[in-house]
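Visitor: One structure follows; several queries about it will come next.
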Amino acid sequence: MADPKSDYTEIIVIRHGETEWNADGRIQGQLDVDLNDVGMQQAAAVAARLSKEPKISAVYSSDLKRAFVTAEIIAQCCGLLVPVKDPDLRGRHMGDLHGIVFNEAAKLKPEAHKAFVSLKRDEEIPGGGESLNQFYDRCTSALQRIAKKHRGERVVLVTHGATVEQLHRRGSSNGTSSGTVLNTSVNVFHLSEEDEWNIISWGDVSHLDGVDNGQQFKA
């Protein structure tokens with residue numbers, strides 16, 4: 001990673017470590033689920049990697065435990081204070097799908113499942129869930145806000161797989177989703193003073209050599 005210049009912020013976006021619900025394919029959304037043993041190992045591995053990188057000015061995190069504990073381990077390893085909690089970095093609110101095993105969702109919550117798999121970005125998930133547009137606006141605005149506060153610096157942000165996908169959509173040249181986002185993958189953005197986004201690197205899990213690289217289910 002190059003040293004940030006004064007006209008942009010480098011933001012290292014990381015998905016939290018694995019949870020038992022990731023392993024089970026259970027939809028977490030905004031429910032508060034702990035890291036499992038694999039997730040703790042992943043967090044330690046990404047923290048060790050980041051501690052060898054150039055100076056990190058701050059660590060931000062979703063306020064949910066799986067992200068915040070990952071962020072705490074990173075901050076401690078990098079010699080920083082407690083991470084800054086930001087609820088806008090949570091994953092998508094999944095409404096009636098919260099806590100459901102994804103493979104059973106179509107049977108147990110058909111209307112919510114239909115809304116979730118819909119290509120309509122303005123369709124909300126029944127039970128108080130967010131539409132894709134609402135979710136996108138929330139997390140991309142949070143990243144821009146953090147970037148403006150730390151212009152010319154390098155910061156780490158720990159969040160959720162679905163959130164990382166929306167950030168990729170904003171940063172990619174063709175507005176596409178990123179596909180699979182692995183636990184503790186490292187994804188680097190540069191945000192300029194003019195709110196231009198550039199994706200510098202994506203999906204790096206080289207720090208997980210010898211460590212289980214986790215489950216792919218993002219919600």
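The values are calculated or read from the model by the stated rules, or taken from the named source; none is laboratory data. Note that the structure is a prediction, hence the values are computed from the model and not measured. Cβ sites come from the backbone with ideal geometry, for glycine too, and all protein chains shown count toward neighbours. Only protein heavy atoms, including side chains, enter the accessible area calculation; ligands, DNA and RNA are left aside. Shrake-Rupley method; radii C 1.70, N 1.55, O 1.52, S 1.80 Å.
Visitor: Using a 1.4 angstrom probe, figure out how much accessible area the chain has per residue, in square angstrom, rounded to the nearest whole.
Guide: Result: 44 Å² of accessible area for each residue.
Visitor: In degrees from 0 to 90, rounded to the nearest 10, what is the angle of the helix 65-77 Cα long axis to the longest principal axis of the chain?
Guide: Tilt of helix 65-77: around 10 degrees.
Visitor: Quick check on my link table: of K65/K148; K55/K149; K65/K107, which ones sit more than 19 Å apart, alpha carbon to alpha carbon?
Guide: K65/K148; K65/K107
Visitor: Also: Give, in nm to one decimal, the length gained when the segment between D24 and D209 is fully stretched (0.36 nm per residue of separation minus the Cα-Cα distance).
Guide: This chain segment gains 64.3 nm when fully extended.
Visitor: Counting other C-beta atoms within 10 Å, and keeping those with at most 14, which DSSP coil trypsin sites (Lys or Arg not before Pro) do you find in the range 69-140?
Guide: The qualifying sites are K120, R121.
Visitor: Taking Cα centroids, how far is the range 67-92 from the range 153-195 in Å?
Guide: Their Cα centres are 16 Å away from one another.
Visitor: Show log10 I(q)/I(0) for the range 60-147 at q = 0.16, 0.19, 0.24 Å⁻¹, two decimals, from a solvent-free Debye sum over equal Cα scatterers.
Guide: -0.73, -0.88, -1.09
Visitor: Roughly what % of Cα-Cα distances in the range 1-141 sit above 28 Å, to the whole percent?
Guide: 28 percent
Visitor: Past the 22 angstrom mark, what percentage of all C-alpha to C-alpha distances in the range 20-95 do you count?
Guide: 25 percent
Visitor: Near K85, which aspartates and glutamates are there with a Cα under 17 Å away, not counting those fewer than 8 places off in the same chain?
Guide: Straight-distance partners of K85: D32, D34, D63, E72.
Visitor: So, with a 1.4 angstrom probe, what is the percent of accessible area on the range 109-219 that is carbon and sulfur?
Guide: Answer for the range 109-219: carbon and sulfur cover 44 percent of the accessible area.
Visitor: Measure off, as a whole percent, the carbon and sulfur share of the 1.4 Å-probe accessible area of the range 1-80, all protein chains present.
Guide: Solvent-exposed carbon and sulfur of the range 1-80 make up 48 percent of the total.
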